[in-house]
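Chemist: Let me give you the structure first, and then I'll get to my questions.
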Amino acid sequence: MAIDIKIQAIKNSKIGTVDFNNLSFGKVFSDHVFQCDFINGNWQNPTIKPNEPILLNPAAKIFHYGQSIFEGMKAYKDESGNVFLFRPSENCRRLNISANRLMMPEIPEELFIQGIENLLKIDNDWIPSADGSSLYIRPFMFASSDGLRASPSDSYTFIITTAPSGAYFSEKIKVLIEEKYARAANGGVGYAKAGGNYAAQFYPTQLAIEKGYDQVIWTNDNSHEFIEEAGAMNIFIRIGDVLITSPTNDRILDGITRKSILQIAQDNNIYVEVRKISVNEVIQAAKQGHLKEMFGSGTAAVISPISSFGYQGTEYELPEIFETYASFLKKKITDIQTNKSKDPYGWRVKV
Ligand code: PLP
Ligand code: COI
């Protein structure tokens, strides 16, 4: 059923100020946002409106208790101007998993999808079509009622903002395996896409950056023995010809890119193992010359190969190999996303 979305169109578009040939990630924003509000137990006022600052009371609960969750998605435009989303229902499902964990209301899938689709129609010109660029879509929800009692908010705001974007990482990344800090713990919120998870990563990531790394490889919180995620990405490790990734758990985000890669790999005769992978196993494989590739996966970063990693003061270089799983899988997934190949899985959704 079509939802009645109120449209308040912008008077003067900003699009002329944007250099679409030099897009970085998430720096410029399209003309409009979609917004709706959860008040008195119901989602109401679905509106597309100019992308402008929003007014909140200083006592709004988001500022104090961090009830805030988000999603990351992309819209792709093919050569003929057709627009596609990739597995959008999965993002809605995951947003609602996050909402439950943070005591926030679920968003109905039709509101989520129709909000995005209508926003993409009005801001269609903002969707880039050049190779490697896309419209990054950021749906998010936060606690908007006022009050300093540490309890869940009564009202919430859901907004979708979009940003024409290029690559998140333009080169291979150097990573540091974390031995002290953790991004998540058992029983915590690691599996939710909660804003606070990212805030908690900034300090350890900054320490790694100061040592010359781009990202931290998160290990399990108590013993730091097992490899779990790569910054804001899931992680894949190739030892010999086996592609390994950690099973998801309380501490790991169930990445949509990750599960798509697992499916594509299996269907293309790449042997995959979803199992715990210890730092020690990776070090031994590196020493014996069996460690062939490491890469991160995520919507923003797609597939980002790792050039080297540091652990306990030693640097381990990944070999330069010719035909990598990373480039094979990246081409397969981006060809599906951008309508350059058939989509045997039904993942691509035309807008
Ligand atoms: N892990 C974390 C912590 C993330 O923030 C992301 C990004 O969304 C991912 C993994 C990858 O998830 P997805 O592939 O669904 O974007
Ligand atoms: C994404 O990949 O969409 C993310 O949400 C990661 C982000 C922190 C840029």
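The values are calculated or read from the model by the stated rules, or taken from the named source; none is laboratory data. Since we're looking at a predicted model, the values are computed, not measured. No Cβ is skipped: glycine too gets one built from the backbone with ideal geometry, and neighbour counts run over all protein chains shown. To get the accessible areas, we keep the full protein, side chains included, count just its heavy atoms, and leave off ligands, DNA and RNA. Shrake-Rupley method; radii C 1.70, N 1.55, O 1.52, S 1.80 Å.
Chemist: Of all residues in region 303-349, which are under 29 Å from ASN280 (Cβ atoms) and either within 16 Å of ligand 1 (Cβ to nearest atom) or touching a His at 6+ places or on another chain (Cβ under 7 Å) (or both)?
Modeler: Scanning region 303-349 gives ILE303, SER304, PRO305, ILE306, ALA326, LEU329, LYS330.
Chemist: Mind counting the residues in region 96-152 that are surrounded by 22 or more Cβ atoms within 10 Å (Cβ to Cβ), polar (S, T, N, Q) and assigned to a helix (DSSP H, G or I)?
Modeler: Adding up the residues that qualify gives 1.
Chemist: Oh, and also: Please go through region 44-54 and give me each residue that is within 24 Å of MET103 (Cβ to Cβ) and not in a strand (DSSP E or B), ordered by number.
Modeler: Within region 44-54, ILE54 is the sole residue that qualifies.
Chemist: ASP154 versus (1) more than 16 Å from ligand 1 (Cβ to nearest atom); (2) closer than 30 Å to HIS224 by Cα: which is the lone unmet condition?
Modeler: Here ASP154 meets the rest and fails (2).
Chemist: Given the structure, is ILE160 within 13 Å of ligand 1 (Cβ to nearest atom), assigned by TED's automatic domain parsing to the domain that holds PRO88 and crowded, with 18+ Cβ neighbours inside 10 Å?
Modeler: The answer is no for ILE160.
Chemist: For the structure I just gave you, tell me whether SER68 is within 16 Å of ligand 1 (Cβ to nearest atom), under 29 Å from GLY166 (Cβ atoms) and exposed (fewer than 15 other Cβ atoms within 10 Å of the Cβ).
Modeler: Answer is no for this residue.
Chemist: Look at SER307 and say whether it is under 18 Å from the mean Cα position of the chain (by Cα) and either open to solvent by less than 10 Å² (accessible area, probe 1.4 Å) or more than 29 Å from ARG94 (Cβ to Cβ) (or both).
Modeler: No: the conditions fail for SER307.
Chemist: Which one of these is at pLDDT below 95 and either within 22 Å of CYS92 (Cα to Cα) or surrounded by 17 or more Cβ atoms within 10 Å (Cβ to Cβ) (or both): ASP254, ASP214, ASP221?
Modeler: None of the other options fit; the residue is ASP221.
Chemist: I've got another one for you. Kindly indicate whether ASN280 is more than 17 Å from PRO88 (Cα to Cα), open to solvent by 20 Å² or more (accessible area, probe 1.4 Å) and in a loop (DSSP other than H, G, I, E, B).
Modeler: No, not satisfied.
Chemist: Output the number of residues of region 261-295 satisfying the condition of being in contact with a helix residue (DSSP H, G or I) (Cβ under 6 Å, 6 or more places away or on another chain) and within 15 Å of ligand 1 (Cβ to nearest atom).
Modeler: Residues meeting the conditions: 3.
Chemist: When you check ALA199 against the structure, is it closer than 30 Å to CYS36 by Cα, in a strand (DSSP E or B), among the hydrophobic types (A, V, I, L, M, F, W, C) and modelled with pLDDT of 95 or more, yes or no? Break it down into steps so the answer makes sense when it comes.
Modeler: Values: closer than 30 Å to CYS36 by Cα: yes; in a strand (DSSP E or B): no; among the hydrophobic types (A, V, I, L, M, F, W, C): yes; modelled with pLDDT of 95 or more: yes.
Here the answer is no, as ALA199 does not meet what is asked.
Chemist: While we're on this one: Which pairs turn up if I take residues in region 237-248 that are in the same structural domain as SER304 (by TED's automatic domain parsing) and look for partners that are in a loop (DSSP other than H, G, I, E, B) and crowded, with 21+ Cβ neighbours inside 10 Å with beta carbon separation below 7 Å, at least 6 apart in sequence or on another chain?
Modeler: ILE237/ILE277; ILE244/ILE277; SER246/ILE252; SER246/ILE277
Chemist: Quick check on GLU52: is it open to solvent by 30 Å² or more (accessible area, probe 1.4 Å), under 24 Å from ASP125 (Cα atoms) and free of Cβ contacts under 8 Å to residues at least 12 places away in the same chain?
Modeler: Against the criterion (open to solvent by 30 Å² or more (accessible area, probe 1.4 Å), under 24 Å from ASP125 (Cα atoms) and free of Cβ contacts under 8 Å to residues at least 12 places away in the same chain), GLU52 qualifies.
Chemist: If you don't mind, another one. Can you tell me which residue among GLY240, GLY190 is modelled with pLDDT of 95 or more and either β-branched (Val, Ile, Thr) or on the phi < 0 side of the Ramachandran plot (or both)?
Modeler: GLY190
Results for (1) outside the structural domain of ILE283 (by TED's automatic domain parsing); (2) exposed (fewer than 12 other Cβ atoms within 10 Å of the Cβ); (3) in a helix (DSSP H, G or I), shown as yes or no for each residue.
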{"site": "TYR316", "(1), (2), (3)": "no, no, no"}
{"site": "PHE322", "(1), (2), (3)": "no, yes, no"}
{"site": "ALA326", "(1), (2), (3)": "no, no, yes"}
{"site": "LEU329", "(1), (2), (3)": "no, no, yes"}
{"site": "LYS332", "(1), (2), (3)": "no, no, yes"}
{"site": "ASP343", "(1), (2), (3)": "yes, no, no"}
{"site": "GLY346", "(1), (2), (3)": "yes, yes, no"}
{"site": "VAL349", "(1), (2), (3)": "yes, no, no"}
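Chemist: Is it the case, given these coordinates, that THR205 is touching a helix residue (DSSP H, G or I) at 6+ places or on another chain (Cβ under 7 Å), outside any loop (DSSP other than H, G, I, E, B), at pLDDT 95 or above and of a type in the set (Ser, Thr, Tyr)?
Modeler: Judged against the criteria, THR205 is not a match.
Chemist: If the Cβ limit is 7 Å and pairs must be 6+ apart or interchain, which residue in region 117-138 that is on the phi > 0 side of the Ramachandran plot pairs with which residue that is within 16 Å of ligand 1 (Cβ to nearest atom)?
Modeler: Filtered contacts from region 117-138: GLY132/ALA167.
Chemist: In region 165-186, what count of residues is obtained for those that are over 29 Å from ALA286 (Cβ atoms) and either at pLDDT 95 or above or in a strand (DSSP E or B) (or both)?
Modeler: The number of residues fulfilling the criteria is 1.
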